[in-house]
Amino acid sequence: MAWYPGATRMELQPESDGQPAIRPTQFILHSVAAPWTARRMYEYWRDSTNLESHFGLGYEGDLAQYIGTETRADSNYAANRRPDGTGAVSIETASNLKHTDPWTDRQIEQLIRLGVWLHQRHGVPLRICRSHSDPGYGYHRLHSAWSSGGTSCPGDARVNQFRKVVFPGIVNRANGQSPSPLPPEEDPVPEMLHESNATDMELTSGNWTGLSFRTAVLLVGPVRQHTVVHLVLDDATAPDTVVEGCFYTTDKNGGDRSLHLPVRGYGPGGHQFACTADVGAGRHLRFMVRARTRDSRPVRLLHRAVSGPFWKL
Ligand SMILES: [Zn+2]
């Protein structure tokens, strides 16, 4: 039985003791189609139906846990518990009656924190589930095997937030908090990457721009690396400017791009982007940035730096 320390415990009985154990490998997000608090969800499952989730989240960020994460809950149909004993952890989130509204900022913050905990506690891998049984993160309508007869849950606005804010937020925070990757055994002392460039640069709104530090190539594989890019944007940048950073690898000619997941921030000042991964033989690690402004005006990048340990493999 695992209980998330960031939630209020409102244990549902007899489900919590009576339902079979699972090994949690997925996290599936729902909208409950009701503007309820986490306590009201508890009362609903206690009194009215037994298709409960592990967690419930109100608009104000009130988060409750009803069942331990290593016990089956019943909101994900075939994903609740598979024949191999793996299953999904589920959360219902307050929404309007037709689940067409977006998550509030407080809900998003709680979803990210819980998503990080599930990665750390249960090893849920930081990817979007590629199939109904694939370990990772998803939302109810992502795979048809997760519902009986189909569902639009959690709604278009939240699917969009999941892909652009919630899931990248989980990845970013999980990477930021995890220690550097284990060095290869033969060479425990890392080399350090540290380059910076103080030349002002104009970023055209909406376009990805590859950044050069000393050169455009940060590292050449094969290496194991933990790299952080730090960008500083002009104070005149509008606060609602969307700033995205993306690490990627190429072949030695800059072709055959393979993208990491973009990570997003907002507004002026400092922005940090982290990447922890092995870069394969002959691959070049690079970084690009995109700023998007409401009025399409360009954004001024004042300073950029890249640093972190790496180990030649
Ligand atoms: Zn649902």
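The values are calculated or read from the model by the stated rules, or taken from the named source; none is laboratory data. Model, not experiment: these values are computed from the prediction. All Cβ positions, even for glycine, are placed from backbone atoms using ideal geometry, and neighbour counts span all protein chains on display.
Within segment 129-146, can you find the residues that are within 10 Å of the ligand (Cβ to nearest atom) and of a type outside the set (A, V, I, L, M, F, W, C)?
Of everything in segment 129-146, those that are within 10 Å of the ligand (Cβ to nearest atom) and of a type outside the set (A, V, I, L, M, F, W, C) turn out to be Tyr139, His140, Arg141.
How about segment 2-112: which strands (runs of 3 or more DSSP E) wholly inside it have at least 2 residues that are within 14 Å of the ligand (Cβ to nearest atom) and hydrophobic (A, V, I, L, M, F, W, C)?
Counting at least 2 such residues, we get 23-31, 55-57, 86-93.
Is it fair to say Leu285 is over 26 Å from Asp105 (Cβ atoms) and either modelled with pLDDT of 95 or more or touching a His at 6+ places or on another chain (Cβ under 7 Å) (or both)?
For Leu285, the condition - over 26 Å from Asp105 (Cβ atoms) and either modelled with pLDDT of 95 or more or touching a His at 6+ places or on another chain (Cβ under 7 Å) (or both) - is met.
Of all residues in segment 207-233, which are of a type outside the set (A, V, I, L, M), surrounded by 12 or more Cβ atoms within 10 Å (Cβ to Cβ) and out of contact with any Cys (no Cβ under 8 Å at 6 or more places or on another chain)?
Once the filter is applied, which keeps residues that are of a type outside the set (A, V, I, L, M), surrounded by 12 or more Cβ atoms within 10 Å (Cβ to Cβ) and out of contact with any Cys (no Cβ under 8 Å at 6 or more places or on another chain), segment 207-233 yields Asn207, Thr209, Gly210, Ser212, Phe213, Arg214, Gly221, Pro222, Arg224, His230.
Which pairs do you get when a residue that is touching a residue at least 24 places away in the same chain (Cβ under 8 Å), found in segment 15-32, comes within reach of a residue that is within 16 Å of the ligand (Cβ to nearest atom) and aromatic (Phe, Trp, Tyr), reach meaning Cβ atoms under 7 angstrom, with the pair 6+ apart or on two chains?
Phe27/Tyr137; Ile28/Tyr139; Ile28/Trp146; Leu29/Tyr139; Leu29/Phe162
I want to confirm something. Restricting to segment 113-127 and keeping residues that are touching a helix residue (DSSP H, G or I) at 6+ places or on another chain (Cβ under 6 Å) and among the aliphatic types (A, V, I, L, M), which single residue is nearest to the ligand (Cβ to nearest atom)?
Taking the candidates together, the pick is Val124.
For segment 152-165, give me each residue that is in contact (Cβ under 8 Å) with a residue 24 or more places away in the chain, surrounded by fewer than 21 Cβ atoms within 10 Å (Cβ to Cβ) and within 15 Å of the ligand (Cβ to nearest atom).
Matches in segment 152-165: Ser152, Asp156, Ala157.
Considering only segment 70-82, state which residues are buried (at least 24 other Cβ atoms within 10 Å of the Cβ) and closer than 16 Å to Ala38 by Cβ.
Listed by number, the list holds a single entry, Ala73.
Regarding segment 269-276, can at least one residue be identified that is over 20 Å from the mean Cα position of the chain (by Cα) and at pLDDT 90 or above?
So far as segment 269-276 goes, no, none of its residues is over 20 Å from the mean Cα position of the chain (by Cα) and at pLDDT 90 or above.
Name the single residue, out of those in segment 234-263 being among the hydroxyl-bearing types (Ser, Thr, Tyr) and over 11 Å from Cys275 (Cα atoms), that is surrounded by the fewest Cβ atoms within 10 Å (Cβ to Cβ).
The residue in question is Ser258.
Checking Gly149 against (1) surrounded by 14 or more Cβ atoms within 10 Å (Cβ to Cβ); (2) within 16 Å of the ligand (Cβ to nearest atom); (3) at pLDDT below 85: exactly one of these is not met. Which one?
Gly149 satisfies all of (1) surrounded by 14 or more Cβ atoms within 10 Å (Cβ to Cβ); (2) within 16 Å of the ligand (Cβ to nearest atom); (3) at pLDDT below 85 except (1).
Just to check your reading of the model, which residue among Tyr59, Tyr137 is in contact (Cβ under 8 Å) with a residue 24 or more places away in the chain, over 15 Å from Phe167 (Cα atoms) and among the hydroxyl-bearing types (Ser, Thr, Tyr)?
Of the residues listed, the single one that is in contact (Cβ under 8 Å) with a residue 24 or more places away in the chain, over 15 Å from Phe167 (Cα atoms) and among the hydroxyl-bearing types (Ser, Thr, Tyr) is Tyr59.
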